[in-house]
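Single-structure report; data block below.
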Amino acid sequence: MTRIDLHPFERLTPDFILDALDDLGLRTDGRLLALNSYENRVYQVGMEQGEPLIVKFYRPGRWPVTAIQEEQAFVSELSEAELPVVAPMRIDRLTLFKRSGFNFAIYPRQGGRWPELNQAADRELLGRLLARIHLIGRRYQFQYRPRLTVGAWAGESRRYLLENDWIPEHLLPAYRSVSSELIELMQGEWDAFHDLRYQRLHGDCHLGNLLWLETTGPHFVDFDDCLTGPVIQDMWMLLSGARFDKAQQLRELLTGYGQFADFDYRELGLIEILRTLRLMHYAAWLARRWDDPAFPRAFPWFAERKFWEQHVLDLREQLAAVQESPLEI
């Protein structure tokens, strides 16, 4: 296998990126700034006239074109409803472009800061916006985007790590045992919620995917992981601190949410399951991307024994957390 086969992103030279925009009739001025992104590659590109643009090159082979188009259509639908999202630009009616094996999209640059969410009013505002996003998410179903399940996020992650020898030998018995027990427990709990509403979601709604403007509040960015799932998936990652603090924050989110949409309070019982799914999926995601040179540089600790020792401890803690009673709000 050649180096270019292993690392296709290495073909994204400055000339390649600038030429991709120039070919679409966008006159660049040669300024290029790589932005913080690992799954894809994202750049700010200066223009001869007007504000810089953001160009996103999708990771080759990750999504079929149909799934990318669904992501873009969902974001465009939200934008047309005047929700604060950053939608891809249209050029000759297209939002997805192709060059030498890469799919890419172009976005306007959106300013904003990392949100603090330290005021009840901020969380209520965020709740109202999430409710409006979810109401639109109910209109249609995804056909090509993934569905959030225990099997896909935990079972497949466990299988990949074991089959590819990522778990240190001295931790194998402990990892096999705790991960197997967790998956069985989570699947049983998940099945008990079989009649919950599953719909289109942002899917990766955490503070890093929000840009906050003092005048208007949050903008939702990066729908690259949009999926079908329960709406609590777009809420639990916004909570932090002790159990009491999380309950208070969620109460304020739902105060705003309830002004526009109904919420099934049974979904509170999924929060620790969702946290566990993310924990297991994240470890497998890093392993799957390890042949990308950006990952060893950014996450050198992932290949150390200490990471896996802590990972097993985290899974044991989650085994207890999944069995706790849901947050009381």
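Could you tell me which of rounded, prolate or oblate describes region 73-137, using a ≥ b ≥ c as the square roots of the eigenvalues of the alpha-carbon gyration tensor, with rounded for a/c under 1.5 and, failing that, prolate when a/b is larger than b/c and oblate otherwise?
It comes out prolate by the Cα gyration axes.
For Ala303 and Ala242, what is the calculated FRET efficiency with R₀ set at 25 Å and r taken between the beta-carbons, to the nearest 0.05? All intermediate terms of the calculation are to be shown ahead of the outcome.
Details: r = 32 Å, r/R0 = 1.29.
Once rounded, the FRET efficiency stands at 0.20.
Normalising by the residue count of region 12-111, find the relative contact order in percent from Cα pairs under 8 Å and 6+ residues apart.
Relative contact order here is 22 percent.
Using mean Cβ contacts within 10 Å as the protection proxy, how do 74-81, 211-218, 267-274 order, highest first?
Most protected by this proxy first, the peptides run 267-274, 74-81, 211-218.
Only Cα pairs under 8 Å and at least 6 apart count here; give the relative contact order of the chain as a rounded whole percent.
Once normalised by length, the contact order is 18 percent.
Could you tell me what fraction of 2.2 N^0.38 Å the Cα radius of gyration of the chain comes to, as a two-decimal ratio?
1.04
What distance in nm separates the simple spin-label points at Leu24 and His170, each placed 7 Å from Cα in the Cβ direction?
Here the modelled spin labels are 5.1 nm apart.
DSSP H helices in the chain with Cα extent of 20 Å or more along the helix axis and mean Kyte-Doolittle hydropathy at least -1.0?
Span-like helices in the chain: 65-80, 120-137, 172-191, 243-257, 271-288, 305-323.
Non-local amide H neighbours of Met47 (under 5 Å, H modeled in plane, Pro and chain starts lacking H): which ones?
Asp29, Leu53
Taking a spot 7 Å from the Cα of Asp264 along the direction of its beta carbon, which residues of region 159-202 have an amide N less than 11 Å from it?
Under cut-off, by backbone N: 192-199.
Laboratory data are not the source of any read-out in this text; all were calculated from the coordinates shown. Just so it is clear, the model here is predicted, and its values are computed rather than measured. Don't worry about glycine lacking a Cβ; one is built from the backbone with ideal geometry, like all the others, and counts go over all protein chains shown.
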